[in-house]
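Here the structure is laid out as structure tokens; the discussion comes afterwards.
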Amino acid sequence: MRMGEGKRKKIAFLTLGCKLNYAETSTYERGFLEAGLEVVPWSRQADVYLVNTCSVTATSDAKSRNLIRKVHRVNPEAAVVVTGCSAQLRRAEIEAIPGVSLVFGCDEKSYVVPDTLRFIGVTEVAPAPAGSVFAAWSSGERTRSFLKVQDGCDNFCSYCTVPYARGGSRNVPLAECVENARKAAALGVKEIVLTGVNTGDFGRSTGESFLDLLKALDGVDGIERYRISSIEPNLLTEEIVDWIASGTKFQPHFHIPLQTGTDEQLAAMGRNYTTDFFASRIDYVRKAMEAPGRPLVFFGIDVMAGLPGETPEHFARTVAFLRDRVRPAFIHVFPYSRRPGTPAASMPGQVPEAVKKERVAVLEDLCAQLHAGFVEANRGVRERVLWESTDRDGFMEGYTGNYIRIRRPWEPSLSGQITEVTI
Ligand code: SF4
């Protein structure tokens, strides 16, 4: 049956996890809209519910299963389609949940739209796009888009399940990334966030370089700002920093995973750098990009509390390293989650949950102090804000280039626009 013959089918989406998952769900959504389906909120009756799952922690696995059960209760007749990392790592468990119709692993993303359409009786379906990497970009927001440029990872850090869930490092071809950026620009998007699992490892499958990608994207008309969602410290090379500092659309905002602040623990976790190297990379970026009267660089740093073997002394040194040496603007704090099948799961010295909780609280306090200090240190500096298109009780908000949130009275003509402000 061709769509349009009979009642228009309804589909709802639920997404957990990272920016990559949001870009992929948004790409599925465009495919179903092109096939004539109507998108509705998941709380409404739909013919299909697509749940894009996350498996980075035990909690996200549980949340994924709960969402699947929830939508099945909303409409027990509907097809429930499950994608994402839980679908890859816990397939049998997911398939056993009542109501689940289709499950797609991480290397089956190209089949999600065509196979689901066939499953609900839509016969005239475009074939699945070929290629080892499912290209994706988000189009849900007017101002910002998440652009998938890379997938998978070859690092196998001791605590991480992502390489098992998303496979080896590979990338969307440079030309296709540029094409997708142009499509986002055509929708009026002004800012693009480059996403991946190990984003800086772009080029593994095509041999193209990450710097060449940045340069090519910098030339896309209509896009005024770029951010790199996350980059490993060893992949943020001096060459890339020098180029970004030479006056490009890439903003003074870097999200860099540290995970822990002692060399013993970094080695135990299979992280391929030392604290000295990490600090020297931060210093290099600051030296290249900061000057009196100019915005300071926003560093967002991932830190995990309670990794196996982390003693109170290790933790105290991690806090000191962050507070006194790195001084980031923000700390993304995660309690270590014991993931079956990872080397860290069977390591001695597992930290009790109560201690993990205490350490998370200490890091969150430190984050609040550092962030307040960062905003204060930028006081009086001129910066550019991309205003979001949401009226928040008569006010509107947006981020500066160096990722400080600014608020002003609602002015509809400014939504999606970039204007200068004094922080
Ligand atoms: S680099 Fe990141 S995604 Fe890759 S294994 Fe390590 S923590 Fe996981």
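Some values worked out for this structure:
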quantity	calculated
Exceeding the 27 Å Cα-Cα cut-off - candidates Lys19/Lys215; Lys10/Lys63; Lys148/Lys356; Lys10/Lys183; Lys148/Lys287	Lys148/Lys356; Lys148/Lys287
Highest-fluctuation residue, Ala184, Ala136, Ala58 considered, GNM on the chain with Cα pairs under 10 Å	Ala58
Accessible solvent surface per residue of the chain, calculated while the other protein chains remain in place, 1.4 angstrom probe, Å²	42
Directionally averaged shadow of segment 280-357, computed from the convex hull of its alpha-carbon atoms, nm²	6.5
Cut-off under 5 Å, modelled amide H: who pairs with Trp137 long-range	Thr27, Lys148
Using alpha carbons only: equivalent-ellipsoid semi-axes of segment 264-423, gyration tensor based, whole Å	36, 19, 13
Point-charge dipole on Cβ atoms (K/R +1, D/E -1) for the chain, about Cα centre, debye to 20	880
For segment 382-422, size of Cβ-based charge dipole, Lys and Arg +1, Asp and Glu -1, in debye	140
Residue-averaged 222 nm ellipticity for the chain, from DSSP H runs of 4+ at -39500 (n - 2.57), nearest 500	-10000 deg cm²/dmol
Apportionment of accessible area to carbon and sulfur, segment 300-372, percent (1.4 Å)	62
With every protein chain in place, segment 10-119: carbon and sulfur % of accessible area (1.4 Å)	52
Rg/Rg_globular for segment 1-113, with Rg_globular taken as 2.2 N^0.38 Å and Rg from C-alpha atoms	1.00
GNM flexibility winner over the chain from Arg170, Arg227, Arg286 (Cα, springs under 10 Å)	Arg286
Segment 8-119, dipole about Cα centre (Lys/Arg Cβ +1, Asp/Glu Cβ -1), debye to the nearest 20	340
Peptides 276-283, 146-153 ordered by average Cβ neighbours within 10 Å, highest first	146-153, 276-283
Amide H contacts of Asp302 (H built 1.01 Å from N, under 5 Å, at least 5 apart or other chain)	Ile256, Leu258, Gln259, His332
Part-to-part distance (alpha-carbon centres) for segment 316-373 and segment 269-284, which is given in Å	17
Among Ala377, Thr195, Thr57 - extreme Cα towards positive end, dipole of the chain, charges at beta-carbon	Thr57
Segment 144-377 shape via C-alpha gyration tensor axes, a/c threshold 1.5	oblate
Within the chain, percent of DSSP bridges classed antiparallel, to nearest 5	30
Cα convex hull of segment 382-422, projected area averaged across orientations, nm²	2.4
Sites matching trypsin sites (Lys or Arg not before Pro) across segment 373-416 that sit in DSSP coil, with at most 14 neighbouring C-beta atoms within 10 Å	Arg379
Cα pair distances of the chain binned at 20 Å [whole percent]	24, 57, 19, 0
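The values are calculated or read from the model by the stated rules, or taken from the named source; none is laboratory data. Small disclaimer: the values here were computed from a predicted structure and weren't measured. Glycine gets a Cβ as well: all are built from the backbone with ideal geometry, and neighbour counts include every protein chain shown. Quick note on the areas: whole protein, heavy atoms, side chains included, nothing else; ligands and nucleic acids left out. Shrake-Rupley method; radii C 1.70, N 1.55, O 1.52, S 1.80 Å.
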